[in-house]
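Single-structure report; data block below.
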């Protein structure tokens, strides 16, 4: 299965939009999704549906009309995260400078994970059969591997780099604990900068983002 087909399969399991939703209904739907993404990212999947409705500024009936179950709402929010991750990888691949594209992927994926800490793991744990993400994951890994090959060929990425190094770095990034989401993102940016310097063929002592206190 190619990447486009995999993403289409992911989209197929999410909530289908009626063809003739009024603009106010579309606005309500987007507000619900925005509120759900923020709530799930910050607090996990235990946030009550009525609280999501309150944060979105809609009634519970409106929320349930768009998303009859929490699984449907969480699946749509998680699909958006997958699409955001793919967009980052595609942006990196399209960069004419492979090292710059490689660094961009690290920086943006780390920040995406920091902003949505624990959501992916919580979603897969709560709804293990909601969707098959295998195709999307393989696409991302293969794309980053190709980007790494280009950066290595250009002499910017250290020659002993392996893809597992990047996976290990992302696992460490996911383990960042902080007193607030903003602090977690700031810590993630500094960590990404440190990792990039470690991956560079000839590390340069570039200034790091400001240090933050995570405890």
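Can you go through 168, 141, 208, 147 and tell me which one is over 19 Å from residue 37 (Cβ atoms), over 15 Å from the mean Cα position of the chain (by Cα), part of a helix (DSSP H, G or I) and modelled with pLDDT under 95?
Selected residue: 168, the only one of 168, 141, 208, 147 that is over 19 Å from residue 37 (Cβ atoms), over 15 Å from the mean Cα position of the chain (by Cα), part of a helix (DSSP H, G or I) and modelled with pLDDT under 95.
Here is a check on your reading of the model: is residue 93 over 30 Å from residue 152 (Cα atoms), touching a residue at least 12 places away in the same chain (Cβ under 8 Å) and under 20 Å from the mean Cα position of the chain (by Cα)?
No; evaluated as a whole, the condition is false for this residue.
Report, ordered by the first and then the second residue, all pairs with beta carbons closer than 6 Å, sequence separation of six or more or different chains, a first member in segment 33-44 that is without any contact (Cβ under 8 Å) to a residue 24 or more places away in the chain, and a second member that is surrounded by 21 or more Cβ atoms within 10 Å (Cβ to Cβ) and in a helix (DSSP H, G or I).
Listed pairs, sorted by first residue: 35/52; 35/56; 39/52.
All but one of (1) part of a helix (DSSP H, G or I); (2) at pLDDT 90 or above hold for residue 96; state the number of the condition that does not hold.
Going through (1) part of a helix (DSSP H, G or I); (2) at pLDDT 90 or above one by one, residue 96 breaks only (1).
Being exposed (fewer than 15 other Cβ atoms within 10 Å of the Cβ), touching a residue at least 40 places away in the same chain (Cβ under 8 Å) and either under 18 Å from the mean Cα position of the chain (by Cα) or not in a helix (DSSP H, G or I) (or both) is the requirement here; does residue 155 meet it?
Yes: the conditions hold for residue 155.
Do the conditions hold for residue 192, that is, is it in contact with a helix residue (DSSP H, G or I) (Cβ under 6 Å, 6 or more places away or on another chain), modelled with pLDDT of 95 or more and assigned to a helix (DSSP H, G or I)?
yes
Name every residue in segment 1-59 that is part of a helix (DSSP H, G or I), surrounded by 13 or more Cβ atoms within 10 Å (Cβ to Cβ) and at pLDDT below 50, in order of residue number.
If the condition is that a residue be part of a helix (DSSP H, G or I), surrounded by 13 or more Cβ atoms within 10 Å (Cβ to Cβ) and at pLDDT below 50, then 3, 6, 7, 9, 10, 11 are the ones that fit.
So residue 79 clears everything in (1) within 20 Å of residue 188 (Cα to Cα); (2) within 14 Å of the chain's Cα centre (by Cα); (3) touching a residue at least 60 places away in the same chain (Cβ under 8 Å); (4) in a helix (DSSP H, G or I) except one condition, right? Which one?
Of (1) within 20 Å of residue 188 (Cα to Cα); (2) within 14 Å of the chain's Cα centre (by Cα); (3) touching a residue at least 60 places away in the same chain (Cβ under 8 Å); (4) in a helix (DSSP H, G or I), only one is false for residue 79: (1).
Can you tell me which residue within segment 102-137, out of those that are surrounded by fewer than 16 Cβ atoms within 10 Å (Cβ to Cβ) and touching a residue at least 60 places away in the same chain (Cβ under 8 Å), is nearest to residue 37 (Cα to Cα)?
So, considering only residues that are surrounded by fewer than 16 Cβ atoms within 10 Å (Cβ to Cβ) and touching a residue at least 60 places away in the same chain (Cβ under 8 Å), the one nearest to residue 37 (Cα to Cα) is 126.
The conditions are (1) at pLDDT below 95; (2) over 18 Å from residue 87 (Cβ atoms); (3) part of a helix (DSSP H, G or I), and residue 120 fails exactly one of them. Which is it?
Single failed check for residue 120: (2).
Across segment 171-183, what is the number of residues that are touching a residue at least 24 places away in the same chain (Cβ under 8 Å) and assigned to a helix (DSSP H, G or I)?
Number of matching residues: 4.
Just one of (1) out of contact with any strand residue (DSSP E or B) (no Cβ under 9 Å at 6 or more places or on another chain); (2) assigned to a helix (DSSP H, G or I) trips up residue 129, so point out which.
(2)
Considering only segment 54-75, state which residues are closer than 29 Å to residue 132 by Cα and in contact (Cβ under 8 Å) with a residue 12 or more places away in the chain.
56, 62, 63, 64, 66, 67, 70, 71, 72, 73, 74, 75
The values are calculated or read from the model by the stated rules, or taken from the named source; none is laboratory data. Worth saying up front: this structure is predicted, and the values here are computed from it rather than measured. Neighbour counts are summed over all protein chains in view; Cβ atoms, including those assigned to glycine, are modelled from backbone coordinates with ideal geometry.
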